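Taking it in order: structure first as structure tokens, then the write-up.
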Amino acid sequence: MSVMEKTSHRQHEVFDPKHADHLDTPLRRFLYRPDRLAERLVAPGGRVLDFGCGPGFFTRAFAQRVGETGQVFSADLQEEMLAIVREKMAREGLMHRVTTHRCRPDTIGLPAELNGTFDLATAIFVVHEVPDPERLFSEFATLLKKGGTFFFSEPPILVSGREFSGKIALAESCGFRLVSRSWYFVNRAAVFERV
């Protein structure tokens, strides 16, 4: 039995872009501190993949942190979310640091020339929406440099501790080494290194 078969995976509905304003509020910024996450994980000049970026809640902090020589790729399934990201980043003078990319339901679909070029990939509150997490983790492993960082987190209200542990095992089977596992305000998180 594969790790995927052992991992119970209930795909949840994709978040409706009509409610995108609920994902980027002062209260959420206070609770989740995207600036602190960026400071911890993002190196100035780095290349970051913000997968499932939604309306850019973390994209903004990542783009601020990478500086003028870095790049953030904000990837999402929904064009409506990417349009919000572009509008926000343009308004804040950060769009030149951000590339938006529309995924397909079955793949991230970034060009092959980007394989092995990312320093960091994040999947924040989104893996539970993906139909094939094993394929997703494998794509992250392909896109990241050796030694690159993969960070993912899930809300416990939607993803049980058992399911989250199963996803950690799945990521490890796809070429990652678990560095740390933690609990932040209403989310479970794990940091991995690409081996």
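A short reminder: the numbers here are calculations on the coordinates, not readings from a lab. These numbers come from a predicted model, not from an experiment. Note that we place each Cβ from the backbone using ideal geometry, even for glycine, and neighbour counts take in every protein chain shown.
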Residues with amide H under 5 Å from that of T99, placed H, sequence gap 5 or more: V72, F73, S74
5 Å binning of all Cα-Cα separations within region 24-124, expressed as whole percents from 0 upward: 3, 14, 26, 26, 21, 9, 2, 0
Considering only region 53-153, percent of DSSP beta bridges that pair antiparallel, nearest 5: 10 percent
Sequence-distant residues sharing a close amide H with R188 (under 5 Å, placed H): E154
GluC sites (Glu not before Pro) lying in DSSP loop within region 61-106, provided at most 10 other Cβ fall within 10 Å: E68
Crossing angle, helix 161-173 versus the chain [Cα axis fit, 0-90 degrees, rounded to tens]: 90 degrees
Kirkwood-based Rg to Rh ratio, region 75-174, C-alpha trace: 0.98
Cα centroid separation - region 131-195 against region 87-106, whole Å: 23 Å
Debye, to nearest 20: dipole size of the chain, +1 on Lys, Arg Cβ, -1 on Asp, Glu Cβ: 580 debye
Residue-averaged [θ]222 nm for the chain, counting only DSSP H segments that reach four residues, each worth -39500 (n - 2.57): -9500 deg cm²/dmol
The chain: Cα Rg divided by the 2.2 N^0.38 Å rule of thumb: 0.95
